[in-house]
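Step one of this worksheet: look at the structure below.
The values are calculated or read from the model by the stated rules, or taken from the named source; none is laboratory data. As the structure is a computational prediction, the values presented were derived from the model and not from experiment. Here the Cβ positions follow ideal geometry from the backbone for every residue, glycine too, while neighbour counts run over all protein chains shown. Accessible surface is based on the protein model in full, side chains and every heavy atom, while ligands, DNA and RNA are left aside. Shrake-Rupley method; radii C 1.70, N 1.55, O 1.52, S 1.80 Å.
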Amino acid sequence: MIRKIVPRSIQLNIDNWQLELNKPINKRAGYTETDEQFVYGQVCAVVVGTTLSSDEYVEMLFSLTELSNVHILMDDLDKTNDPLRFQALQRIINYVAEKKEFSVNRCLAFIDGENLIPFSENAEIHRHLLQAYKTLLETFVENHITGLADHDFRRVFIDTIKWIWHYLVQWLDDKNFFNDVPKLIWYGNMSKSESYFLYYLMLIGCDVVILHPSLKGTEASDQVPARSEAVDWFEAGEFHVSNLQVLKYPISSPLIPFPKEAPVRRSTVAYRAAQEMSVLLHSEDSLLYKPWQFRNYVPQPVTLKTTYDEAFLITKEKALVRPGFDVKGNVVQVPNLFIKIMGENSDRKQQVQNDKVLSEASIVHEITRFPFTKEDTSKNNMKIHYEQLLDRKRQIEPEKLMQSSLWKHQLLPSGLQLALASAVSRLCFKPKLKMQLNESLDDVRLFLFKQVAEIPKIPFITMMQQFDYSQGVPKLVLRTKIDTEILSRTDAAILLLLNEMGFDLFIFNQFGQNDIEIYINEQYFDTHWMENIVSPENPEETPAIKKFFSKFLRSD
């Protein structure tokens, strides 16, 4: 008998998904079985965040192990492969490599011809499994510019077929499929191959629940790496699963190991009430932020365009009251300043006051000797390391950078590590540094990467550690006192990274000379001309006639 298999969405919420998962499919809403169709409700969800009590969340995780016919998977899937099947996979991979335009339909024909999709006595089940794999291939092509020729195809193809035979064949029983479909729970991070395997299970109609305690994709413990991008692919709907629902618990937590036994501690009623009150008082929209509430968020700059006088008013303010401060998802938008000041203010009292504003800031460092960095001239082949960190869009993957041998910041808090790695990724992907003669975009990216990879701990990393993103913004003040000492290109690279981290940057050049402009396009910072331009020959004295005429030249 041939019947069309039609899994349909059932309404889930954060309170009922476990109950629905535990139900036999014939007890779920919308279940119908005829000679033509087999229709049932599918539990298909991404569940992120945790309950108010961490003990309660751990208890919930452990309770999932006691559900009937539920298989719990994590990032430790079996890596073995049948030799004959691997040879068949390799033949198809070679066909794809030989033909630059290898279509999905042709690839599927080879897959079917090599019997790589499990055969079923029920023709409709076999057709259903084959059609689902076709959708997987089409999705891969859609998400990769070079389609099946992408370098990730080999890994995804081999892994998904391997796991279909290792896991799905064990779970899938022709006789019982129409009584209770396989139920899968995935906990934690996942690789690209693992995400495509789960996607396939969703497509064929299995119950699939992806659990991750982080709401933002950034938190991690010392033992467990930060949430993988693959979990976010499901949340963003990039896999086009019509039945998929995203459910969220109220708070976010670092990823912890899946419990192997029931928790021995339980939260008291008072503790849970305190947690609930904290969530209400210190939500992202409340402006009543706790110290270090955003320690696991990623800061992104909103560089403000201001007048000269306004800049010194804004720089005194905490980030949360500046125009443009916002919290979206796992990102804190930090309004910051990037200011170049030419000459000296003729109003000495005002200049002293402005200098006092900067010097009395809670996090500030002043530099008066240039260049303040050294260019990385080592002969190490940094290009090879850099290329290994890129995704398909040729942007650095922050997680890969943090796990690479180049990363020197393992002792920093996990949230700050991700913030810094994300800033490096943005800085190199869309460089604001001017290209030199005969320099390509990739050359600029590599130059930036080499320089910021060696960012000095003191003072810059130390200042980042002190930065609570909603509070006082760190300030770097640069003062040119000798006209022959100017900023270098490597200095400019570090300034751009600090700008990406949300720092306020003030560059004072009393001689009215170019320095930062040599390396960075002026659209990325404000330039303010003061009345007095100091003579390089006599920096202690500005000619009176120049003072007189310069009164009419000042502009904001």
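Which one, HIS365, TRP233, GLN395, projects farthest toward the positive side of the charge dipole computed for the chain from Cβ point charges (K/R +1, D/E -1)?
Toward the positive end, the furthest listed residue is HIS365.
How large is the accessible surface of MET190 in square angstrom, using a 1.4 angstrom probe and rounding to the nearest 10?
So the heavy atoms of MET190 present about 10 Å² to solvent.
Of all GluC sites (Glu not before Pro) in segment 317-420, which ones are in loop regions per DSSP and have a Cβ with at most 11 other Cβ atoms within 10 Å?
Those satisfying the criteria are GLU360.
Could you give the radius of gyration (one decimal) and Dmax (whole number) of the Cα atoms in segment 422-484, in Å?
Cα only, segment 422-484: 15.0, 43 Å (Rg, Dmax).
List the lysines whose Cα sits under 28 Å from the Cα of LYS23, skipping any in the same chain fewer than 8 residues away.
LYS4, LYS175, LYS183, LYS248, LYS260
What is segment 55-165's relative contact order, in percent, from Cα pairs under 8 angstrom and six or more apart in sequence?
30 percent
Can you grab the distance from the C-alpha centre of segment 26-101 to the C-alpha centre of segment 417-491, Å, no decimals?
Rounded to whole Å, the Cα centres lie 43 Å apart.
When a/c reaches 1.5 or more, the comparison of a/b and b/c decides; with that in mind, is segment 366-423 rounded, prolate or oblate per its Cα gyration tensor?
Numbers: a/c = 2.05, a/b = 1.29, b/c = 1.59.
Oblate is the answer for segment 366-423, as a/c is 1.5 or above yet b/c matches or exceeds a/b.
Just by accessible area at a 1.4 angstrom probe, what is the order of HIS128, HIS151, HIS385 from largest to smallest?
HIS151, HIS385, HIS128
Which whole number of Å³ per residue matches the convex hull of the alpha-carbon atoms in segment 1-100?
In segment 1-100, the Cα hull volume divided by residue count equals 223 Å³.
Given the -39500 (n - 2.57) contribution per DSSP H run of 4+ residues, what per-residue ellipticity at 222 nm results for the chain, rounded to the nearest 500 deg cm²/dmol?
Values: 18 runs with 192 residues, N = 556.
Helix contribution divided over all residues of the chain: -10500 deg cm²/dmol.
By accessible area of protein heavy atoms, probe 1.4 Å, what ranking do SER193, SER252 get, highest first?
Final ranking, largest accessible area leading: SER252, SER193.
To the nearest 10 square angstrom, what accessible area does LYS290 show with a 1.4 Å probe?
Near enough 80 Å² of accessible area.
Report, in listed order, any pair from LYS316/LYS340; LYS356/LYS475; LYS430/LYS481; LYS383/LYS430; LYS450/LYS481 with a Cα-Cα distance greater than 21 Å.
LYS430/LYS481; LYS450/LYS481
In debye, nearest 20: dipole of segment 383-516 around its Cα centre with unit charges on the Cβ of K, R (+) and D, E (-)?
Numbers: 17 positive and 15 negative charges, 35 e Å.
Using only the charged Cβ atoms, the result is roughly 160 debye.
What shape does segment 305-386 have by the C-alpha gyration tensor, where a ≥ b ≥ c are the square roots of the eigenvalues, rounded means a/c under 1.5, and otherwise prolate means a/b greater than b/c and oblate the rest?
Oblate shape, in that a/c is at least 1.5 and b/c is the bigger or equal ratio.
If you wrap a convex hull around the C-alpha atoms of segment 50-138 and split its volume per residue, what is the figure in Å³?
It comes to 183 Å³ per residue, whole-number rounded.
Please list GLU33, GLU439 from largest to smallest accessible area, probe radius 1.4 Å, with all protein chains kept in place.
Descending order: GLU33, GLU439.
If a paramagnetic tag sat 7 Å from the Cα of ALA97 along the Cα-Cβ line, which residues of segment 151-165 would have the backbone N under 14 Å from that point?
Those under the cut-off are 151-155, 158.
Dipole of segment 404-458, Cα-centred, from +1 at each Lys and Arg C-beta and -1 at each Asp and Glu C-beta, to the nearest 20 debye?
180 debye
Please report the carbon-and-sulfur percent of the accessible area for the chain; probe 1.4 Å, protein heavy atoms only, DNA, RNA and ligands left out. Each step should come with its number before you reach the end.
On the way: 13770 of 26820 Å².
Carbon and sulfur together cover 51 percent of it.
Can you give me the P(r) profile for the chain? Cα pairs, bins 20 angstrom wide beginning at 0, each as a whole percent.
18, 42, 28, 10, 2, 0
Probe of 1.4 angstrom, ligands and nucleic acids ignored: what's the accessible area per residue over the chain, in square angstrom?
Working: 26820 Å² over 556 residues.
For the chain, the per-residue accessible area is 48 Å².
For LYS457, go through the aspartates and glutamates and keep the ones whose alpha-carbon is under 20 Å away, minus same-chain ones fewer than eight residues off.
The qualifying aspartates and glutamates are GLU366, GLU375, ASP376, ASP468, ASP491, GLU500, ASP504.
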